[in-house]
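Down below is the structure, laid out as structure tokens.
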């Protein structure tokens, strides 16, 4: 068995600064070798950690100093096809600082900032998520929808597919956290590419951005009413959209998944399908201690009620989740509950966590299943 690069370095005599310089310049961080990933840090500190949110691995992962040098390292298991977001943490006396890995240029971005990315062997960014010069771009239109339910005018960004025709009827895709899906999951690019490649049928998409996310997305009746009884009729009056529940799909990630499911449960006559990504399907089997904090209280009550009396508010439900995130357990538990209620369910898992690039990477699975294009039928 070939020795890991860091172990070969540890055997070097003398282990001087020049040897460390050459090693770091050659490998950078992390070093991925088979199913092992070695994280590096260079600098003076009392302690150095890798901070992450991977269920099953110790957090933090404590680095060890390599010999008497200023290089720190820790090696962990990282199965093929994995993708992990992390940061480095240093401790000097009472000062604790967390930052992105200075030896790793690869970053993932989100609404709360950036994180470093470690991708194992077998992982690559899907090519259909990257800009394709041959794919004709859809058009983005800014609208403002007056809402009595929300008590305000609600800005909405609407995507019209390339070659949009007023004589054609389109399904409507309502995207919760739409601004984040556009900024961090490349959803506009994904729609352009999948429609261009005939992986999915053309859709009109409405991108929603909440004012108070933890309230409006946590099984909030006014938000559900806005989506079903205000947003959809408003758009139907102005755009050539399909009628009936089969003409509308709601999607969202995390709390956005709960907002989608809750709206469908309240208004099954308005929604025909769901696309849920790492939905916050937290529940309790006994008692009320769910560990999620007060923001999860209405979510847990909603999911508990659904589990006690499952229904089929839609015909088709796609769900995805990362196996490295805490929500994998409730998502796995809810899939058979959804099926038992009579819904057609496709559940997909990935070696990733609770983040926007994981959700981006699963978009083709969900969109091509819910809105199959001509190419999908060729291969099936």
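A short reminder: the numbers here are calculations on the coordinates, not readings from a lab. All of these numbers come straight from a predicted model, not from anything done at the bench. Please note: Cβ atoms are built from the backbone with ideal geometry, for glycine as well, and neighbour counts cover all protein chains shown.
What 222 nm value per residue comes from the helices of the chain, counting each DSSP H run with n ≥ 4 as -39,500 (n - 2.57) and dividing by all residues, nearest 500 deg cm²/dmol?
Values: 13 runs with 107 residues, N = 380.
Taken over the chain, the calculation gives -7500 deg cm²/dmol.
Show log10 I(q)/I(0) for the chain at q = 0.14 Å⁻¹, two decimals, from a solvent-free Debye sum over equal Cα scatterers.
After summing over all Cα pairs, the log10 values are -1.17.
Relative to the compact globular guide of 2.2 N^0.38 Å, what is the alpha carbon radius of gyration of the range 39-120, as a ratio? Don't jump to the answer; show the numbers that get you there.
Values: Rg = 12.7 Å, N = 82, 2.2 N^0.38 = 11.7 Å.
Expressed relative to 2.2 N^0.38 Å, the Cα Rg reads 1.08.
In degrees from 0 to 90, rounded to the nearest 10, what is the angle of the helix 328-340 Cα long axis to the longest principal axis of the chain?
Once rounded, the angle reads 30 degrees.
What percent do you get for the relative contact order of the range 88-220 when only Cα pairs under 8 Å and 6+ apart count? Numbers along the way, then the final one.
Numbers: 171 pairs, mean separation 29.6, N = 133.
Relative contact order of the range 88-220: 22 percent.
For residue 236 and residue 51, FRET efficiency with R0 = 35 Å and r from the beta-carbon atoms, rounded to 0.05? Could the numbers behind the result be given before it?
Working: r = 47 Å, r/R0 = 1.34.
Once the sixth-power term is evaluated, E becomes 0.15.
Between residue 139 and residue 332, what's the calculated FRET efficiency when r is the beta-carbon distance and R0 is 56 Å? Round to 0.05.
Efficiency, from the Cβ-Cβ distance: 0.90.
May I ask for the angle, rounded to the nearest 10°, between helix 255-266 and the longest principal axis of the chain, with both axes built from Cα atoms and the value confined to 0 to 90°?
So the inclination is approximately 20 degrees.
Using alpha carbon coordinates only, what is the Rg to Rh ratio of the range 1-86, with Rh defined as the Kirkwood radius?
Taking Rg over the Kirkwood Rh, I get 0.96.
Quick one: grab the alpha carbon gyration tensor of the range 269-354, order the square roots of its eigenvalues as a ≥ b ≥ c, and give me rounded if a/c is under 1.5, else prolate or oblate depending on whether a/b is larger than b/c. If you can, show how the numbers build up before the last one.
Details: a/c = 1.87, a/b = 1.15, b/c = 1.62.
Because a/c hits 1.5 or more and a/b fails to exceed b/c, the range 269-354 counts as oblate.
Stretched out fully, how many nm does the piece from residue 99 to residue 346 gain, at 0.36 nm a residue minus the Cα gap?
Going from the current span to full extension adds 85.2 nm.
So for the pair residue 62, residue 163, with labels modelled 7 Å out along Cα→Cβ, what separation do we get in nm?
6.1
Determine, for each peptide in 36-48, 138-150, the mean count of other beta carbons within 10 angstrom over its residues, then list the peptides with the highest first. Please list the in-between numbers first.
Numbers: 36-48: 19.2, 138-150: 14.8.
In decreasing order of mean packing, 36-48, 138-150 become 36-48, 138-150.
Can you give the angle from 0 to 90° between the axis of helix 187-196 and the longest principal axis of the chain, with both taken from C-alpha atoms, to the nearest 10?
70
Antiparallel DSSP bridges in the chain: what percent, to the nearest 5? All intermediate terms of the calculation are to be shown ahead of the outcome.
On the way: 47 of 73 bridges.
That works out to approximately 65 percent antiparallel.
Residue 309 to residue 127: extension gain in nm, 0.36 nm per residue of separation minus the Cα-Cα distance? List each step's numbers first, then the result.
Working: separation 182, 0.36 × 182 = 65.52 nm, distance 4.16 nm.
Working it through step by step, the gained length comes to 61.4 nm.
In whole Å, how far is the Cα centre of the range 300-320 from that of the range 227-252?
21
If I build a Gaussian network model for the chain, linking alpha-carbon pairs within less than 10 angstrom, which residue out of 31, 328, 258 has the largest mean-square fluctuation?
Judging by the Gaussian network model, the answer is 31.
Quick one: length gained pulling residue 374 to residue 13 fully straight, 0.36 nm per residue minus the C-alpha distance? It would help to have the intermediate numbers written out before the result.
On the way: separation 361, 0.36 × 361 = 129.96 nm, distance 6.26 nm.
In short, 123.7 nm is gained.
Take each of the peptides 104-117, 168-181, average the number of other beta-carbon atoms within 10 Å over its residues, and list them starting from the highest.
Working: 104-117: 15.0, 168-181: 21.8.
Ranking, from highest mean packing down: 168-181, 104-117.
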